[in-house]
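This report refers to the structure that appears directly beneath it.
A short reminder: the numbers here are calculations on the coordinates, not readings from a lab. If you're wondering where the values come from, they're calculated on a predicted model, not measured in any experiment. Note that we place each Cβ from the backbone using ideal geometry, even for glycine, and neighbour counts take in every protein chain shown.
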């Protein structure tokens with residue numbers, strides 16, 4: 001990810017302990033001296049992957065959304081194709097893999113649309129959203145945890161779904177709004 005201008009850190013870490021860990025994330029409790037000089041306990045979620053989102057766009061300005069039931073939210077969610085990419089692998093390679101897995105699509109032209117932080121008050125997770133063009137349809141390769149529905153629709157309709165509140169996933173909302181504003 002692109003490095004932003006840095007500023008002095010007013011937080012003074014005192015100690016950290018791991019509360020929970022699995023292959024995707026770890027939860028830490030940090031004891032810190034906060035900017036006002038008091039002692040605080042801060043919960044921090046560390047993700048072991050970078051979030052990767054892809055907006056595939058064909059020559060007719062259509063895109064693809066994937067729908068799935070999100071366990072943590074306990075509701076169904078329509079989103080751009082996305083997943084996690086290992087931190088030690090080029091994010092573009094992870095984007096290509098995720099697009100193929102979830103939609104069966106591959107692309108010959110890729111463009112980074114944006115970088116973002118998903119919820120920076122509790123996690124260090126970062127993400128990248130790509131635009132994929134010059135698409136070739138193939139077969140999906142769902143993972144065991146995926147029960148996806150795939151929908152091809154005009155890009156403008158995907159934007160309208162963001163505006164109506166039907167699409168609420170943060171990475172999808174940010175990516176679709178940015179592509180709309182840029183008229184890419």
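Quick rundown of the values:
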{"item": "Tally, over the range 1-42, of residues that are at negative phi and out of contact with any strand residue (DSSP E or B) (no Cβ under 8 Å at 6 or more places or on another chain)", "result": "13"}
{"item": "Whichever residue in the range 61-74 is within 29 Å of residue 138 (Cα to Cα) and free of Cβ contacts under 8 Å to residues at least 60 places away in the same chain and, among such residues, is surrounded by the most Cβ atoms within 10 Å (Cβ to Cβ)", "result": "70"}
{"item": "Count - residues of the range 44-62 that are within 17 Å of the chain's Cα centre (by Cα) and more than 14 Å from residue 95 (Cβ to Cβ)", "result": "4"}
{"item": "Among (1) surrounded by 16 or more Cβ atoms within 10 Å (Cβ to Cβ); (2) not in a loop (DSSP other than H, G, I, E, B), the one test that residue 18 misses", "result": "(1)"}
{"item": "Residue list for the range 98-152, restricted to those being within 27 Å of residue 43 (Cβ to Cβ) and exposed (fewer than 14 other Cβ atoms within 10 Å of the Cβ)", "result": "119, 120, 121, 122, 124, 145"}
